[in-house]
Each structure stands twice: as C-alpha cells, then as structure tokens.
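A short worksheet on the structure shown next.
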Amino acid sequence: ETAAQAVKSGTTPPNTFLSYPDLANPKPQSVPFQQPSQLITFSYTPEHVQEFTDSALRYYVDPPPGANLSHGYERWTRKPDERGRIDALLKAISRVKHDPKRGGLPEIGVVSWRGVMTKILTAPYETRDGWELNVMSVNGTLYLEEHLSDDRLNEKNNMTDRQRSQTYHGYAFESYCTSEMPPDKVPMNDPLPGVPPGWRGDVDTNVQWCSVVRTKIGDMRMIIGGEVDCVRGKYTGQTDTFVELKTSLSIRGQRDEANFERKLLKFYFQSFLLGVPEIVVGFRTPAGVVTTVQSFKTIQLPRLVRGKAGAWDPLVCLDWGYKFLTFVKDLIRQATSEKSKEDHSASVWRVKFVPGSGVRVEALGPEGVRDVVNGEDRVGFLPRWYWDEIKG
Ligand code: A3P
Ligand code: MG
Ligand code: MG
C-alpha cells in the first residue's frame, strides 16, 4: 500500500498525524515572521457584493462614556452564518497579478483568510474547540479554507440568548467607534429622540472593509486577507493606522484577569497577521454598558501577559504554525509523488485538529469532494475561473 492509497483508504499511517506541542515542555524554535505588507484592499457593499473600492473603510472615533451596547438589540436580526469560501480573496490575488503597474507576484506558499491562520497559530493553547480545514495544493501553493460540518454550522446559527446579546454588543461597539468620515470632519451628531449620543447607526454586518497582505513565516510566503474594523486618523495605503475593535467583560478579579489574558492571544494573532498595530478594547458590564476603553499596542501584548496566570508565548505558536504548514505541504507532496504521472492538484485534503491531541490529514473521497463543491462550478473548492487562470 502506497502512502497515497493508505491516506485514501483511511488507514492513516503515522506520518499523517502531527501531535500537539508539549506545553509543559515548550522549546520553540525561533521562526521569523515578516512584517505584513498590503497588496490590495476591497469592500463589501450592503448587498455583500465585493468591489475593489474603499467604500467600507471606516475611521476610528472615541465612543462616548458609558455607551450602551444594547441599543438597537430588539431591532437586530442576525444574518445566518454561511460557509466562508475563498473566492473573494482569489479575486483580489488575481487582480494584483494582472495589474500592469506591478511586476506580478512571487511564488506563494500559502493562501488563506486571516481567521483560518489565527486558528492554526493559536491551536497550541486551544483546549476546547477543534476545527477542520479543506486543503488543496496547486502549483506549489497551499489553499486553506475552514470546513464547517452541517452540525457545526447549525450550532453557530442556534446561539443562546447570551451568545446572541454578546455578539450584538461587539457590533454595537463598532457603531459607536467608527465613522464614515475622518475624525476632523465628523459633525457633532444632533441628539435625536431615542438615539443615544455617539450612536452612528445600526451596524450592517454585510458591509466590510478588507485588506490583503503578503507576509512570510520562516521560508514560506503567504497571502492573507481579512476584515479591518477601522483606521486611526488617516488611511496611508498601508497597515500602520489599522485598528481592531474588541469588547470584553470588565475585569473584577483575578479570574477575570486571567481569562482576559488568555483571550489576548486571539486578539494578538488576529491583528498581528494583518499587521494591525492597535487594538481598542471596550470593557463592558454583562448588560452591555461600556465602563472603560483601553488601547493596546499589538506588539506589546506578549510582554504584557508574560509570567501572568493566562500567559502564552507567541514563539510557541509561530513554531507550531510553521511545523503545521510544512507538515501538510510535505505530506501532500509525498502522498501524491508516487503517482507522479497523474495530476493530483484537484484533490481535496481534510485536516482535523483535536485539542490536546494534534492534527490528522486525510484525502477526501469523491463524495467528500462533492459535499465541498456543493453543486457549484468548482475544481475541488477553488472556483473554476481561478483554476482556469492558474492551470491554463
Ligand atoms: P467582539 O470581538 O467585540 O466580541 P471582530 O472582533 O473579529 O472584528 O468581530 C466583530 C464582532 O463580531 C465581535 O465583536 C463579535 O460580536 C462578532 N463575532 C466575531 N466572531 C464571532 C464568533 N466566532 N462568534 C460570535 N460572534 C463573533
Ligand atoms: Mg472585524
Ligand atoms: Mg473587531
């Protein structure tokens, strides 16, 4: 049985499993990470149509003291979660490649949304939530997308009331903190009856401003795309004024503090991966009243948590992340090289992460791939237009 057959038949040989880093004994290797540099931006319109403009760019404004994050909650209808496809990111990459003002793009090792990379990098400290990815390897580039099973999708769309209101508080914070106009041009908003001061309208989660950056982990070049909440002062065309907005429960004791420190790991990588230098946290009461607003410098977070109860080490994450990516890449190469006459680049691989255990890779059979394609015009999970572009 060849490795490829073994992987396909599900009798997974040991080399399809990468075990979790031993956190009791971490000796991370230092893996360099290149400062992200922005390639292109795009916006989603209120109809959630992608356009290559900065129409959805927002500017940071200070929220009013005691902002009420429950304002508008009764009116809010949550848009159901959908499976996030990689298409919009590929459109952006294709646009960069075909821009006559640039000299194309170098060979790229990995393409993914920022959320996927954040999940990969923070896995060493994840004790609760597993995840699954769909992976393809085409012309030496790994494409990663999250795989949400039907169960997981249902779960996400059936939030408890508490989760629902928490989620709303996050969006409401964005309403208070962002403006369509630069701060020096923001008019004082006339207090309207029933509208709290500083409220800038109900948040439309369809509207998003996204940045696509290139960076490098170890020797692996990556292109990553993700939403940017707002910019401070002005937009420079690079990532240096980007701001990430977050809400969190006010800290009232040591347990809250440790929980917050643990949460900072996700805030850190989410921002770090796109080169976002600042994170503004609105601390709130359980009922959603903002008590304090604090700005953190992304690069200082690792030092802030060092030695604390909820401490984490970004070097552990980068070391693991690099091992993970090279492991998946090498495994696919080995599993397909034995049948080198055939082109395996349309194959889809499933990577499953189980907290406390590690990751396992398997080849998806035809039914699995059919599920992933879901009746759309795709090769594997890549849209056919993109496939034709890179294979044609
Ligand atoms: P908070 O981050 O303040 O909780 P982001 O912070 O990534 O810009 O996302 C904005 C808001 O979307 C979040 O605000 C939260 O309300 C909601 N959100 C994002 N990811 C979520 C998730 N996995 N589950 C529930 N809500 C989420
Ligand atoms: Mg956001
Ligand atoms: Mg945010």
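Overview of results
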quantity	calculated
Neighbour cut-off at most 13 other Cβ (10 Å), DSSP loop, trypsin sites (Lys or Arg not before Pro), the stretch 209-276	234, 252
Magnitude of the charge dipole, the chain, Cβ model with Lys/Arg +1 and Asp/Glu -1, debye to 20	820
Per-pair calculated FRET efficiency, R0 = 45 Å: residue 333 and residue 249 via Cβ, rounded to 0.05	0.50
Gain upon complete extension [residue 294, residue 129; 0.36 nm per residue less C-alpha separation]	56.6 nm
Positive minus negative residues near residue 104 (Lys, Arg vs Asp, Glu; Cβ under 14 Å)	+3
The chain: projected area of the alpha-carbon convex hull, averaged over directions, in nm²	20.9
Förster radius 56 Å - calculated FRET efficiency between residue 257 and residue 370 (Cβ-Cβ, nearest 0.05)	0.70
Charge context of residue 87, other residues only, Cβ under 13 angstrom, K/R +1, D/E -1	+1
Cross-link table 185/216; 119/329; 27/266; 27/119; 323/352; 156/263, entries beyond 26 Å C-alpha to C-alpha	185/216
Value of [θ]222 nm, deg cm²/dmol, for the chain, DSSP H segments ≥ 4, -39500 (n - 2.57) each, nearest 500	-9000 deg cm²/dmol
The chain, relative contact order [Cα under 8 Å, separation at least 6], %	28
With at most 15 other Cβ atoms within 10 Å, longest stretch of the chain clear of loop GluC sites (Glu not before Pro) (DSSP)	181-337
Rounded, prolate or oblate (a/c below 1.5 giving rounded, otherwise prolate when a/b exceeds b/c) for the stretch 171-224 by Cα gyration tensor	prolate
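Every read-out reported here was derived from the displayed coordinates using simple, explicitly stated rules and does not represent laboratory data. All values derive from a computational prediction rather than experimental measurement. All Cβ positions, glycine included, derive from the backbone under ideal geometry; neighbour counts span all protein chains shown.
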